[in-house]
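Asks: Before we start, here is the structure in question, set down as structure tokens.
The values are calculated or read from the model by the stated rules, or taken from the named source; none is laboratory data. Just so we're clear, the structure is a prediction, and the values are computed from it rather than from any experiment. Reconstructed Cβ throughout: ideal geometry from the backbone, glycine too, with neighbour counts over all protein chains shown.
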Amino acid sequence: MMKVTTTINETRSIISEWKKQGLTVGFVPTMGYLHEGHQSLIKKAVQENDRVAVSIFVNPMQFSPNEDLDKYPRDFAADTKLCSESGVDLIFHPEPEEMYCDGFCSFVDMTGLTAELCGKSRPIHFRGVCTVVNKLFNIIQPDRAYFGQKDAQQLSVIRRMVKDLNIPTEIIDCPIIREADGLAKSSRNKYLNPEERKAALILSKTIFLGERLIKDGEKNVSVILDKMKKNIETEPLAKIDYVEAVDFDSVQKIDEIKGKVLFAIAVYIGKTRLIDNFIFEA
Ligand code: AMP
């Protein structure tokens with residue numbers, strides 16, 4: 001029977017019972033409004049662990065005041081159904097007051113990796129992500145935690161944090177799950193009206209274009225980025241936030257394809273900011 005908890009104490013007592021029995025714990029942190037992208041992480045966690053916990057928490061700390069915290073989509077009943085059908089053992093669904101007690105003033109911050117890409121247009125975002133993931137790791141104490149490559153910078157940041165702070169959790173990368181027409185699945189796709197939904201295809205088309213250019217032998221990073229930008233500019237509803245190539249581990253800009261390279265884009269379709277990426281390993 002799947003359990004749903006809202007308090008840290010309740011969650012800890014279930015986890016400690018599992019640990020006493022010597023069971024391994026897989027963990028999937030989410031902001032809810034779950035789709036097949038989240039589900040792919042959950043399924044992997046279920047395969048690889050004795051017990052699986054999913055957190056559903058729209059973390060206020062990672063949103064700037066001008067962002068979409070208030071209208072972020074929520075559907076806890078549908079999320080519960082998806083989790084229960086996917087073999088989840090525990091959903092942790094706290095209120096912000098449970099996670100951030102009165103007087104809260106401790107943060108996990110990071111330099112370097114958070115300066116580029118989404119860090120530029122969302123300056124407090126990764127501080128919020130690192131702080132909440134750290135708290136969730138301390139509550140759940142997972143053996144393995146599952147993150148999607150959809151948020152590739154987040155993945156690099158979490159890997160770095162776990163290494164730097166000696167957190168005893170293995171981070172597992174999961175590939176991007178897409179709609180049949182290519183659009184990367186995202187809870188924020190709900191914001192798109194039918195016309196914007198069509199226009200949003202420019203993101204995946206641009207990602208596939210970049211991948212194809214490299215496969216066809218193009219080695220010049222600025223040529224690839226330029227062609228990707230020009231491609232996005234063919235869509236009247238699209239406005240570029242960034243189109244960049246960085247080293248996957250350090251998230252620093254590169255001008256030569258070497259090692260593991262992340263090509264990442266963020267594009268506004270109307271008012272909705274969407275991201276997509278591909279990773280190329282030379
Ligand atoms: P979110 O609820 O947006 O915070 O996402 C929770 C986790 O699901 C993150 O690790 C995301 O990278 C992952 N995720 C979201 N969308 C996708 C997708 N389309 N494919 C794979 N993973 C995803």
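Asks: For residue 256, which of the numbered conditions (1) under 12 Å from residue 152 (Cα atoms); (2) among the charged types (D, E, K, R); (3) in contact with a helix residue (DSSP H, G or I) (Cβ under 8 Å, 6 or more places away or on another chain) fails to hold?
Replies: So the condition that residue 256 fails would be (1).
Asks: Could you please let me know if residue 189 is touching a residue at least 60 places away in the same chain (Cβ under 8 Å), more than 16 Å from the ligand (Cβ to nearest atom) and either within 23 Å of residue 38 (Cα to Cα) or of a type in the set (Phe, Trp, Tyr) (or both)? Working first, answer last.
Replies: Working: touching a residue at least 60 places away in the same chain (Cβ under 8 Å): yes; more than 16 Å from the ligand (Cβ to nearest atom): no; either within 23 Å of residue 38 (Cα to Cα) or of a type in the set (Phe, Trp, Tyr) (or both): yes.
No: the conditions fail for residue 189.
Asks: Separate question: Return yes or no: is residue 86 under 21 Å from residue 133 (Cα atoms), at pLDDT 95 or above and either small (Gly, Ala, Ser) or more than 17 Å from the chain's Cα centre (by Cα) (or both)? Before you say what the answer is, go through the steps one by one.
Replies: Values: under 21 Å from residue 133 (Cα atoms): no; at pLDDT 95 or above: yes; either small (Gly, Ala, Ser) or more than 17 Å from the chain's Cα centre (by Cα) (or both): yes.
So residue 86 fails the test.
Asks: A follow-up question, please. So which residues in region 172-193 are among the basic types (Lys, Arg) and outside any loop (DSSP other than H, G, I, E, B)?
Replies: 178, 188, 190
Asks: Now for a separate question. I need the full set of residues from region 214-230 which are closer than 16 Å to residue 258 by Cα, in a helix (DSSP H, G or I) and of a type outside the set (S, T, N, Q), in order please. Reasoning before the result, please.
Replies: The first filter runs over region 214-230 and keeps only residues closer than 16 Å to residue 258 by Cα, leaving 214-215, 217-225.
From what's left, in a helix (DSSP H, G or I): 214-215, 221-225.
Scanning region 214-230 gives 214, 215, 221, 223, 224, 225.
Asks: Could you run through region 152-170 and say how many residues are farther than 15 Å from residue 127 by Cα and surrounded by 16 or more Cβ atoms within 10 Å (Cβ to Cβ)?
Replies: 3
Asks: Hey, any hits in region 139-151 for a residue that's among the acidic types (Asp, Glu), under 20 Å from residue 58 (Cβ atoms), within 15 Å of the ligand (Cβ to nearest atom) and within 18 Å of the chain's Cα centre (by Cα)? Please lay out each step first, then the result.
Replies: Let us first name the residues in region 139-151 that are among the acidic types (Asp, Glu), namely 143, 151.
Applying the additional criterion that residues be under 20 Å from residue 58 (Cβ atoms) yields 151.
Okay, now just the ones that are also within 15 Å of the ligand (Cβ to nearest atom), so 151.
Now drop any that are not within 18 Å of the chain's Cα centre (by Cα), which leaves 151.
So far as region 139-151 goes, yes, one or more of its residues are among the acidic types (Asp, Glu), under 20 Å from residue 58 (Cβ atoms), within 15 Å of the ligand (Cβ to nearest atom) and within 18 Å of the chain's Cα centre (by Cα).
Asks: If we keep just the residues of region 33-56 that are more than 7 Å from the ligand (Cβ to nearest atom) and among the small types (Gly, Ala, Ser), which is nearest to the chain's Cα centre (by Cα)?
Replies: The qualifying residue nearest to the chain's Cα centre (by Cα) is 55.
Asks: A further question follows. Residues 180, 238: which one is within 17 Å of residue 37 (Cβ to Cβ) and either more than 16 Å from the ligand (Cβ to nearest atom) or surrounded by fewer than 14 Cβ atoms within 10 Å (Cβ to Cβ) (or both)?
Replies: One residue alone meets the criteria, 180.
Asks: Would you please name the residue that is farthest from residue 155 (Cα to Cα), looking only at residues in region 259-282 that are of a type in the set (D, E, K, R) and outside any loop (DSSP other than H, G, I, E, B)? Break it down stepwise before answering.
Replies: Here is the first cut: in region 259-282, the ones of a type in the set (D, E, K, R) are 260, 271, 273, 276, 281.
Right, trim to outside any loop (DSSP other than H, G, I, E, B) and you get 260, 273, 276, 281.
Details: 260: 13, 273: 19, 276: 13, 281: 16 Å.
Across region 259-282, the extreme among qualifying residues is 273.
Asks: Looking at (1) touching a helix residue (DSSP H, G or I) at 6+ places or on another chain (Cβ under 7 Å); (2) within 24 Å of residue 156 (Cβ to Cβ), which is the only condition residue 202 fails?
Replies: (2)
Asks: Follow-up question, since we're still on this one. I need the full set of residues from region 72-98 which are outside any strand (DSSP E or B) and touching a residue at least 60 places away in the same chain (Cβ under 8 Å), in order please.
Replies: First pass over region 72-98, keeping only residues outside any strand (DSSP E or B): 72-89, 93-98.
Answer for region 72-98, where residues must be outside any strand (DSSP E or B) and touching a residue at least 60 places away in the same chain (Cβ under 8 Å): 72, 73, 80, 83, 84, 88, 89, 93, 94, 95, 98.
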